Amino acid sequence: MQSGINVFTSFGTNDIWFMAQAAWRTLMISAVSIALGTLLGVICGWLLHEGRILAAVLLAPLLDAFRSVPLIIQLVLFYNFAPIIGLNLDPFASGVIVLTLYTAALVANVAQGGMQAVGVPMRRAARSLGMSYWQDLRYVVFPIGARAVFPSWVGVALGVMKDSALVSVLGYVELLRASQILITRTQEPLLIISIAGAFYFALSYPISRYAAKVEKRWVQ
């Protein structure tokens with residue numbers, strides 16, 4: 001009698017490499033989204049700070065929607081709605097767009113708080129020295145505001161990196177999705193989840209330590 005086919009295999013070195021590649025994809029989608037989202041968020045924060053009524057009426061509710069709706073719902077809705085309007089995007093592109101907008105919504109409040117941290121007398125002093133409005137922003141508001149909100153921005157960046165795991169619902173094989181694939185094949189969930197946690201730690205810890213050094217350097 002012929003024995004049945006065993007569909008399960010043990011965890012091996014090739015699986016470590018598979019998870020390392022997935023961790024790299026996690027880093028890539030996170031880095032692109034955080035960079036674009038930070039730029040867009042700073043612009044939105046500036047509009048909220050300077051736009052007054054117009055920004056409060058139009059922009060603030062939109063940003064609140066991105067902050068309030070769970071990220072996984074945003075990902076699924078966008079990925080399924082995009083083809084209807086003629087956008088044939090792969091999971092990576094869809095994930096980047098949604099994560100960028102989500103990051104921008106979070107960074108906008110951080111940036112607005114940083115700009116508000118610069119007192120009106122300091123801005124008036126800059127203008128009295130002959131600085132233009134844009135020079136005031138570049139040389140006074142942005143440097144001082146960035147120091148005030150840098151720890152909050154780091155928290156947002158690390159949070160988005162962890163939230164990028166939700167892109168797995170679109171079929172993008174990042175670290176969490178790779179872990180699920182290996183758990184299904186090897187039936188070793190504790191080992192694989194532990195290794196995935198170690199990869200996430202390896203991605204996040206250097207960022208937090210470097211951010212702490214930058215913050216300490218600014219304080220000195």
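Candidates are the residues of region 173-206 that are buried (at least 16 other Cβ atoms within 10 Å of the Cβ) and β-branched (Val, Ile, Thr); the one that is farthest from residue 25 (Cα to Cα) is 186.
In region 206-219, which residues are of a type outside the set (S, T, N, Q), in contact (Cβ under 8 Å) with a residue 12 or more places away in the chain and within 20 Å of residue 163 (Cα to Cα)?
Kept after step one, since they are of a type outside the set (S, T, N, Q), are these residues of region 206-219: 206-207, 209-219.
This time we only want the ones that are in contact (Cβ under 8 Å) with a residue 12 or more places away in the chain, so: 207, 211, 214-215, 218.
Result: 207, 211.
Tell me the helices (runs of 4 or more DSSP H) entirely within region 2-92 that contain at least 2 residues that are farther than 30 Å from residue 114 by Cα.
Working: elements: 13-50, 60-68, 71-81.
So the answer is 13-50, 71-81.
Residue by residue, here is whether (1) under 23 Å from residue 150 (Cα atoms); (2) crowded, with 17+ Cβ neighbours inside 10 Å; (3) of a type outside the set (A, V, I, L, M, F, W, C) holds:
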residue	(1), (2), (3)
38	yes, yes, yes
48	yes, yes, no
57	no, no, no
66	yes, yes, no
73	no, no, no
100	yes, yes, yes
106	yes, yes, no
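For region 122-154, which positions are of a type in the set (Lys, Arg) and either surrounded by 17 or more Cβ atoms within 10 Å (Cβ to Cβ) or under 17 Å from residue 45 (Cα atoms) (or both)?
The first filter runs over region 122-154 and keeps only residues of a type in the set (Lys, Arg), leaving 123-124, 127, 138, 147.
123, 138, 147 - these are the residues of region 122-154 that are of a type in the set (Lys, Arg) and either surrounded by 17 or more Cβ atoms within 10 Å (Cβ to Cβ) or under 17 Å from residue 45 (Cα atoms) (or both).
Sub-6 Å Cβ pairs linking a first residue in region 183-205 that is part of a helix (DSSP H, G or I) to a second residue that is modelled with pLDDT of 90 or more, at least 6 apart or interchain, are 199/23; 203/27; 204/158, ordered by first then second residue. Selection of region 138-196 for residues being under 22 Å from the mean Cα position of the chain (by Cα) and among the charged types (D, E, K, R) yields 147, 162, 163, 174, 177. Among the residues of region 187-218, which ones are of a type outside the set (A, V, I, L, M, F, W, C) and under 18 Å from residue 21 (Cα atoms)? Across region 187-218, the qualifying residues are 194, 197, 200, 204.
The values are calculated or read from the model by the stated rules, or taken from the named source; none is laboratory data. This structure is a prediction, so every number in the text was calculated from the model and none was measured. Glycine also receives a Cβ, built like all others from the backbone with ideal geometry; neighbour counts cover every protein chain displayed.
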